[in-house]
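Accompanying notes for the structure given below.
The values are calculated or read from the model by the stated rules, or taken from the named source; none is laboratory data. None of these values were measured; they are calculated from a predicted model. Cβ sites come from the backbone with ideal geometry, for glycine too, and all protein chains shown count toward neighbours.
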Amino acid sequence: MINKRRSTAVLVGLLVAAVLTGPVPALANEPPAEPAEPPKVELVLDVSGSMAAKDIDGRSRISVAQQAFNEVVDALPETTQLGIRVLGATYRGEDKARGCRDTQQIVPVAPVNRTAAKAAVADLRPTGFTPVGLALREAAKDLGTGTTVRRIVLITDGEDTCAPPDPCEVARELAAQGTKLVVDTLGLAPDEKVRRQLLCIAAATGGTYTAAQSADELTTRIKQLVDRAEDTYTAAPTVVGGTSVCDAAPLLGPGVYSDREEFSEHRWYRVPVRPGQELRASVSVALDRPVNPDYAVLLRATTGDGRELVRGVDAGSGRTDVVSAGLRWSAAQDRTIGVTPEPDASTAVAPTIVCLVVSNAFAPQRGTRTTPGLPVELTVDVVASSPAPAAPDLGRGWVLLILLTVAGLVTGLVSGLLTRWWFATWRDTTR
């Protein structure tokens with residue numbers, strides 16, 4: 001639910017929970033306001049024999065990956081716990097049954113010892129088979145269970161050569177367990193079968209797929225994914241299901257929510273907003289599979305009868321992997337529905353139910369699977385409204401008319417005096 005991603009993203013800082021005063025309908029479960037554990041990431045590196053190929057900037061794939069790892073370790077945030085697992089790194093024989101069990105965790109998930117981590121990666125040499133499915137399953141065990149999102153970053157140049165277990169099935173199995181685990185995949189070889197398999201793994205868990213064709217691309221992408229874990233781990237999104245109409249949409253309180261949206265679909269959600277409050281919302285859609293260039297994401301707030309209150313939109317051209325949009329709305333400042341009265345302790349004022357609509361204008365590339373839908377992350381916050389500074393505006397037309405009239409008179413008077421002075425001076429100099 002990622003090539004330079006839009007930093008809006010990625011993701012927007014609206015994670016402070018707010019309490020809705022008075023009785024309201026039951027809301028979707030809110031994620032915890034405070035993290036129960038630090039962000040955890042495990043890098044899973046393919047060290048099979050094909051990683052010896054020298055086709056990335058004239059260097060071997062494994063040497064490029066080692067350089068990227070070193071730079072990522074140096075830039076790792078202090079609060080992030082990092083682990084490293086390898087596959088196909090030790091067995092050099094031809095026994096497939098044995099080679100397909102060849103996966104080891106060489107750096108445990110913990111506050112990283114940079115020197116030890118670099119030394120462990122530096123000793124790797126391309127060796128054996130490619131048990132991707134088994135490595136993913138073991139990496140999930142390495143990260144353990146918890147209340148916050150954990151990430152696996154898989155770097156490989158080839159498809160699994162050991163199925164079963166099939167890596168796509170493993171990814172679906174992990175997603176079905178509700179373990180809050182996201183798998184992002186990086187492909188180092190321009191191979192269509194590899195691309196399809198890595199897309200499948202990412203799509204099953206709400207992760208992303210990226211093809212890295214240079215050392216810089218690989219390093220930049222791994223850093224982005226590790227940083228994303230740092231940015232988003234505190235709010236494990238609550239899974240919700242948007243609907244095709246507002247009336248049946250789930251009622252959301254402040255929090256972070258995840259959903260999936262089909263291509264060119266509209267999904268509806270509802271948020272109660274009380275007098276004196278302001279709605280702030282943002283949505284991010286991850287491009288976890290190839291889409292055609294020129295696309296957009298639209299987030300709108302409407303009334304129950306479909307009248308639009310405000311919208312936010314973002315567009316892309318195929319060079320981003322996350323597209324985001326945001327909006328803010330306060331009833332007290334919206335003159336299309338009148339000024340909302342301040343809440344009175346003696347009377348219960350019902351909240352305004354605002355409909356949020358997430359729409360997209362994506363089109364899949366030929367041969368791309370359209371199911372499941374694209375990963376969507378929706379952030380909702382309801383805070384005390386921020387009054388706009390008082391000033392004349394188009395809503396007070398008579399004030400604007402007076403100001404324009406006075407300004408015109410003053411301008412005309414000054415222009416006339418300057419013109420008379422100029423002519424008088426010119427005549428004196430020509431005599």
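Restricting attention to region 112-139, which residues are buried (at least 21 other Cβ atoms within 10 Å of the Cβ) and small (G, A, S)?
A117, G128, G133, A135, A139
Using the structure shown, decide if L299 is closer than 16 Å to V376 by Cβ, among the aliphatic types (A, V, I, L, M) and crowded, with 18+ Cβ neighbours inside 10 Å.
Values: closer than 16 Å to V376 by Cβ: yes; among the aliphatic types (A, V, I, L, M): yes; crowded, with 18+ Cβ neighbours inside 10 Å: yes.
The answer is yes for L299.
Please identify the pairs in which a residue from region 282-296 that is at positive phi has its Cβ atom under 8 Å from the Cβ atom of a residue that is surrounded by 15 or more Cβ atoms within 10 Å (Cβ to Cβ), counting only partners at least 6 apart or on another chain.
If the second residue must be surrounded by 15 or more Cβ atoms within 10 Å (Cβ to Cβ), the pairs left are D294/G316.
Can you tell me how many residues in region 158-180 are touching a strand residue (DSSP E or B) at 6+ places or on another chain (Cβ under 7 Å) and either β-branched (V, I, T) or buried (at least 24 other Cβ atoms within 10 Å of the Cβ) (or both)?
1
If we keep just the residues of region 77-111 that are buried (at least 22 other Cβ atoms within 10 Å of the Cβ) and among the β-branched types (V, I, T), which is farthest from I155 (Cα to Cα)?
Of everything passing the filter in region 77-111, V107 is farthest from I155 (Cα to Cα).
Can you work out which of the residues in region 204-230 that are in contact with a helix residue (DSSP H, G or I) (Cβ under 8 Å, 6 or more places away or on another chain) and part of a helix (DSSP H, G or I) is nearest to P38 (Cα to Cα)?
Only one residue fits best here, namely V226.
Only one of R270, R311 is touching a Pro at 6+ places or on another chain (Cβ under 9 Å), part of a strand (DSSP E or B), at pLDDT 90 or above and more than 27 Å from G207 (Cβ to Cβ); which? Even if it seems obvious, please write down each step before you answer.
Working: R311 fails: touching a Pro at 6+ places or on another chain (Cβ under 9 Å).
None of the other options fit; the residue is R270.
Scan T156, T185, T127 and give me the residue that is among the hydroxyl-bearing types (S, T, Y), farther than 22 Å from A286 by Cα and in contact with a helix residue (DSSP H, G or I) (Cβ under 8 Å, 6 or more places away or on another chain). Before the answer, list the steps.
Working: T156 fails: farther than 22 Å from A286 by Cα; T185 fails: farther than 22 Å from A286 by Cα.
Unique residue meeting the criteria: T127.
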